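Have a look at this one.
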Amino acid sequence: IHGVLLFRPLPKHLDQAVIENALAAEKDVDCMTDLSMSGVFTGKKIGFPPCTPQACMEILDHYGIDCTGKKVVIGRSLVVGKPAAMMLVKKNATVTICHTRTVDMPSVAKEADIVIVAAGRAGVVGADYVREGQTIIDVGINVNAEGKLCGDVDYAAVEPIVDAITPVPGGVGSVTTSVLVGHVVEAAMRKAQ
């Protein structure tokens, strides 16, 4: 076994911290262990970075979006926001971490060049959060009232305004899957060496 993916949340009778940290970092293909997360924060090759934030970085790289000196706004979750912040700092971005208590979030988001949205609420980011020239990466996966997948960004309202936006479905989620497969292959190659 070269790669292990742990789905969370775990059932309440299981101690998530104990189970996460029982996993060997070299098999931790989605950054579940404290040791792997320390690799993200220190820049050391310990385990693997979380797949979704890495997918966001891959999208930026693929489209030639240079983060150097850019203002980037993201959330504070340990799953996406904090690791993405560290990855963006490595790309020389100026990162603002927002959360539910951020005062005047639309104004803060409008100041950014790149906005990575992982709020967990369908359509929470609307036209009042964006401006021309921005790149929006929508990490959200929600089901709307019609039973269709949608993101955290109101795509119909935001897409005509910004320079670039990822769709949901067919955006970050698809790239995340590819990153996960890449991590498993890399884990196997590391073991073979």
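Need a quick list: strands (runs of 3 or more DSSP E) entirely within the stretch 1-117 having at least 1 residues that are closer than 20 Å to residue 165 by Cβ and of a type in the set (S, T, N, Q).
94-97
Also: Would you point out the residue of the stretch 35-55, among those that are in contact (Cβ under 8 Å) with a residue 24 or more places away in the chain and surrounded by fewer than 19 Cβ atoms within 10 Å (Cβ to Cβ), that is farthest from residue 75 (Cα to Cα)?
Across the stretch 35-55, the extreme among qualifying residues is 43.
If a residue must be in a helix (DSSP H, G or I), surrounded by 15 or more Cβ atoms within 10 Å (Cβ to Cβ) and more than 18 Å from the chain's Cα centre (by Cα), how many such residues does the stretch 156-173 contain?
Counting residues in the stretch 156-173 that are in a helix (DSSP H, G or I), surrounded by 15 or more Cβ atoms within 10 Å (Cβ to Cβ) and more than 18 Å from the chain's Cα centre (by Cα) gives 2.
Anything in the stretch 154-172 that is touching a residue at least 60 places away in the same chain (Cβ under 8 Å) and either polar (S, T, N, Q) or under 22 Å from residue 5 (Cβ atoms) (or both)? List them, or say none.
166, 171, 172
Please name all residue pairs, on different chains or six or more residues apart, with Cβ atoms under 7 Å, provided the first residue is in the stretch 88-106 and is closer than 19 Å to residue 123 by Cβ and the second residue is open to solvent by 80 Å² or more (accessible area, probe 1.4 Å) and of a type in the set (Asp, Glu).
Listed by first residue and then by second, the contacts come to 106/128.
Also, quick follow-up: I need the full set of residues from the stretch 81-124 which are closer than 20 Å to residue 43 by Cα, of a type in the set (D, E, K, R) and out of contact with any Leu (no Cβ under 9 Å at 6 or more places or on another chain), in order please.
82, 90
Now for a different question. When the residues of the stretch 27-54 are filtered to those that are of a type in the set (Asp, Glu) and in contact with a Ser or Thr (Cβ under 9 Å, 6 or more places away or on another chain), which remaining residue is nearest to residue 9 (Cα to Cα)?
By that ranking, first place goes to 30.
Something else: Does residue 84 meet the test of being without any contact (Cβ under 8 Å) to a residue 60 or more places away in the chain, surrounded by 12 or more Cβ atoms within 10 Å (Cβ to Cβ) and not hydroxyl-bearing (Ser, Thr, Tyr)?
So residue 84 fits the description; yes.
One residue is enough: does the stretch 18-34 have a residue meeting the conditions more than 20 Å from residue 176 (Cα to Cα), exposed (fewer than 10 other Cβ atoms within 10 Å of the Cβ) and touching a residue at least 24 places away in the same chain (Cβ under 8 Å)?
Checked the stretch 18-34: no residue is more than 20 Å from residue 176 (Cα to Cα), exposed (fewer than 10 other Cβ atoms within 10 Å of the Cβ) and touching a residue at least 24 places away in the same chain (Cβ under 8 Å).
Is it the case, given these coordinates, that residue 190 is of a type in the set (D, E, K, R), modelled with pLDDT of 95 or more and not in a strand (DSSP E or B)?
The answer is no for residue 190.
What residue, of 90, 70, 110, is open to solvent by 60 Å² or more (accessible area, probe 1.4 Å), at pLDDT 95 or above and touching a helix residue (DSSP H, G or I) at 6+ places or on another chain (Cβ under 8 Å)?
Selected residue: 110, the only one of 90, 70, 110 that is open to solvent by 60 Å² or more (accessible area, probe 1.4 Å), at pLDDT 95 or above and touching a helix residue (DSSP H, G or I) at 6+ places or on another chain (Cβ under 8 Å).
The values are calculated or read from the model by the stated rules, or taken from the named source; none is laboratory data. Note that the structure is predicted; figures quoted are calculated from it, not measured. Neighbour counts run over all protein chains shown; Cβ positions are idealised from the backbone, glycine included. Accessible surface is based on the protein model in full, side chains and every heavy atom, while ligands, DNA and RNA are left aside. Shrake-Rupley method; radii C 1.70, N 1.55, O 1.52, S 1.80 Å.
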